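Here it is: the structure, laid out below.
Read the figures in this text as sums done on the coordinates, not as results from a lab. Fair warning: this is a prediction, and the values are worked out from it, not measured in the lab. We place every Cβ from the backbone using ideal geometry, glycine too, and count neighbours over all the protein chains shown.
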């Protein structure tokens, strides 16, 4: 009788736990989604599709839009959200490995970015995507960051010396990069970033084309300015979750789903780049590119040694580059 009672007790306990888990899973999990345009933006629309996909995995997710990325990240950190869609630069504080994807000159083309996102979806890499309670469950490309200059005569790094360049006040690596080229960093947040360029408070700003219209950067370009068509950083949005609030296996499903959507994302980015008035583009001579790539490589090494970039990600990104271009000079060197 005692043994039967014990077994019955265990059954009832399991039933109780199952009921609790079922109830917990019925509660929607909230993703804090940063979108500079709020409810009308591309990130919000992408998350609508993601929410529907998550339902096919048996997970009830809702997306909450934020126009202020700092608040979205803070709410996530405080536990008010179960996940957050934020820039890779901001995600670095949750996972330095994936946050280092958005590093200067490390991903020279969208083809290389495609390779990187495919690698993130490889289950062998999954342990590196977890850091304490946080897990990165996808990286979404948002395009290359180009140099916007208010005067197209600023057509080389040498001519950028002494100029004022906008940098995000919470990302100290940007100020370091600006100082390396002899320019003057001017701190801004995303709400004032474009405005400082448009109002002439800075001479140079780095931004992806998806921010061109929302930030009205054409105002800062005016008739004299230009966009240097040379990718400085390939930027991402990264989806970070509190791992224990999602069912096992969710992260891998999410990363694979997002990797499968990459052609769609690149299509959107290229369409936006084509919409920019051709008069604004400034092409960098091929003869100058090797020099710029060398300087960016030196910046990456310096920032890695300074603790801003994760050395494991720097090694992985170099492998991606050298797989595509095995004869590149860097591929015979061991300092990155």
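Take 262, 142 and order them by how many other Cβ atoms sit within 10 Å, fewest up front.
Ordered from fewest to most neighbouring Cβ atoms within 10 Å, 262, 142 come out as 262, 142.
Separate question: Could you tell me which label, among (1) 23.3, 97; (2) 22.3, 91; (3) 20.5, 68, carries the value of Rg and Dmax of the Cα atoms in Å calculated for this structure?
(2)
Follow-up question, since we're still on this one. What FRET efficiency, computed as 1/(1 + (r/R0)^6) with R0 = 45 Å and r the Cβ-Cβ distance, is obtained for residue 126 and residue 327, rounded to the nearest 0.05?
0.90
Can you tell me how the range 215-336 classifies by the Cα gyration tensor, rounded, prolate or oblate, using a/c under 1.5 as the rounded cut?
Verdict is oblate for the range 215-336.
Per residue of the chain, what 222 nm ellipticity follows from adding -39500 (n - 2.57) for every DSSP H run with n ≥ 4, rounded to the nearest 500? Present the calculation step by step, with values, prior to reporting the outcome.
Values: 14 runs with 150 residues, N = 336.
Helices in the chain give a 222 nm mean residue ellipticity of -13500 deg cm²/dmol.
Between the range 254-308 and the range 89-112, what is the C-alpha centre distance in whole Å?
When both Cα centres are located, 11 Å separates them.
Where does each of 75, 42, 189 land when they are ranked from fewest to most other beta-carbon atoms within 10 angstrom?
Listing 75, 42, 189 from fewest to most nearby Cβ atoms yields 189, 75, 42.
Compute the distance in nm between two label points, each set 7 Å from the Cα along the Cα-to-Cβ direction, one at residue 37 and one at residue 301.
4.2 nm
By count of other Cβ within 10 Å, fewest leading, how are 114, 229 ordered? All intermediate terms of the calculation are to be shown ahead of the outcome.
On the way: 114 18, 229 15.
With the sparsest Cβ surroundings first, the list reads 229, 114.
Quick one: length gained pulling residue 201 to residue 172 fully straight, 0.36 nm per residue minus the C-alpha distance?
The residue 201-residue 172 span can extend by a further 8.5 nm.
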